[in-house]
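Heads up: the structure comes next, in structure tokens.
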Amino acid sequence: MTRMKKMILYTLLIFSAVFMMFPIFYAVMISFMQGGEVLRGNLIPDTLTLANYQKAFERTPLIHYLWNSFYVSTVVMLGQLLVSSLAAFAFVFITFKGREMIFFLFISTMMIPWEATMVPNFLTVQKLGWLNSYSGLTIPFFALAFGTFLLRQQFKTIPKELYEASQVAGISRFRFFWNVVLPVSKSSLITLGIYSFLTTWNMYLWPLLVTNNESVRTVQIGLKQLQSQEISTEWGVVMAAVVVVILPTILLLFLGQKRLQKGLTQGALK
């Protein structure tokens, strides 16, 4: 690659990075501004102040909402890792009639939009008495077709001769799954865990449907409450809460970026 092509490439990369990071940068700047500065369209605050952050925590139980989101996201992540890994193991290592057809039907659910399943899921949760509970926020999301597909592709890279040898040696399926399959699939498991945690953390519509009190509501509902009619002009307060909410997700993405990229591509090559 010539020097000129490299310069053009890096220029485009820098421009793209600035373009994508500018909204986050501007949100951080607004979180330190007073109301008048926001209305004037300032890009940089005249003076840095933490008053907006203090107001954000005073006007809504933000810490409680953050805990709810963290708890729900963690439980969904662990549930999806467990269910997806067991399902992927069955589709790869256990031979049964109609296995490929069942897997095809299972994966085809990825094409069904979430809005089409929202009403049946809500009615089911309502019948089970899971409204305003952590169960209603977590259990409906344990089965994930994408997670099963991702782990199945990874598990297929493990030689079947190794599984057959373990069966001859009298090793149980669960022991082989726990001691062999999971350790060699760490990258894909971490990828699925990050994806699951971030997706659940950013959920808004489902928590809004199945909760109507502050005890189990998540942080996305808290952000919406800050945009009520009485304080709609105080965007500094809203952006302060937004910065607090997105900070854990940004840190998670930076810490798990390499694992995320590796996990998404590792199962593609056998």
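The values are calculated or read from the model by the stated rules, or taken from the named source; none is laboratory data. Computed from a predicted model, the values in this text were never measured in an experiment. Heads up, the Cβs are rebuilt from the backbone with ideal geometry, glycines too, and the neighbour counts pull from every protein chain shown. Protein only, heavy atoms only, side chains kept; ligands, DNA and RNA dropped before computing areas. Shrake-Rupley method; radii C 1.70, N 1.55, O 1.52, S 1.80 Å.
Checking GLY36 against (1) within 26 Å of GLN227 (Cα to Cα); (2) at pLDDT 90 or above; (3) not acidic (Asp, Glu), which test does it fail?
In the conditions (1) within 26 Å of GLN227 (Cα to Cα); (2) at pLDDT 90 or above; (3) not acidic (Asp, Glu), GLY36 misses (2) alone.
What are the residue pairs meeting all of these: first residue in the stretch 97-120, first residue within 18 Å of ARG152 (Cα to Cα), second residue surrounded by 10 or more Cβ atoms within 10 Å (Cβ to Cβ) and of a type in the set (Gly, Ala, Ser), Cβ atoms under 6 Å, and 6 or more apart or on different chains?
PHE106/ALA145; ILE107/ALA145; THR109/ALA145; MET110/ALA145
If a residue counts only when it is under 23 Å from LEU189 (Cα atoms), which helices (runs of 4 or more DSSP H) contained entirely in the stretch 93-145 have at least 2 such residues?
In the stretch 93-145, the matching helices (runs of 4 or more DSSP H) lie at 99-108, 134-138.
Just the residues that are over 28 Å from ALA145 (Cα atoms) and open to solvent by 40 Å² or more (accessible area, probe 1.4 Å), please, taken from the stretch 54-83.
Correct list: GLN54, LYS55, PHE57, GLU58, ARG59, PRO61, ILE63, HIS64.
What helices (runs of 4 or more DSSP H) completely inside the stretch 147-264 contain at least 1 residues that are at pLDDT below 90, out of contact with any Cys (no Cβ under 7 Å at 6 or more places or on another chain) and open to solvent by less than 30 Å² (accessible area, probe 1.4 Å)?
160-168, 186-201, 219-226, 235-255
Would you please list the contacts, defined by Cβ atoms under 6 Å and residues six or more apart or on different chains, that run from a residue in the stretch 186-206 that is over 21 Å from LEU247 (Cβ atoms) to a residue that is open to solvent by less than 10 Å² (accessible area, probe 1.4 Å) and among the hydroxyl-bearing types (Ser, Thr, Tyr)?
none
Conditions first: (1) in contact with a helix residue (DSSP H, G or I) (Cβ under 8 Å, 6 or more places away or on another chain); (2) under 19 Å from GLN80 (Cα atoms). ASN132 passes all but one, so which condition is the exception?
All conditions are met except number (2).
Run SER16 past the list (1) in a helix (DSSP H, G or I); (2) loosely packed, with under 11 Cβ neighbours inside 10 Å; (3) in contact with a Phe, Trp or Tyr (Cβ under 8 Å, 6 or more places away or on another chain) and report the number of the one that doesn't hold.
The number of the failed condition is (3).
Filter the stretch 84-111 down to the residues that are of a type in the set (S, T, N, Q) and either surrounded by 14 or more Cβ atoms within 10 Å (Cβ to Cβ) or under 15 Å from TRP178 (Cβ atoms) (or both) and list them by number.
SER84, SER85
I need the full set of residues from the stretch 162-175 which are of a type outside the set (Val, Ile, Thr) and without any contact (Cβ under 8 Å) to a residue 24 or more places away in the chain, in order please.
Scanning the stretch 162-175 gives LEU162, GLU164, ALA165, SER166, GLN167, ALA169, GLY170, SER172, PHE174, ARG175.
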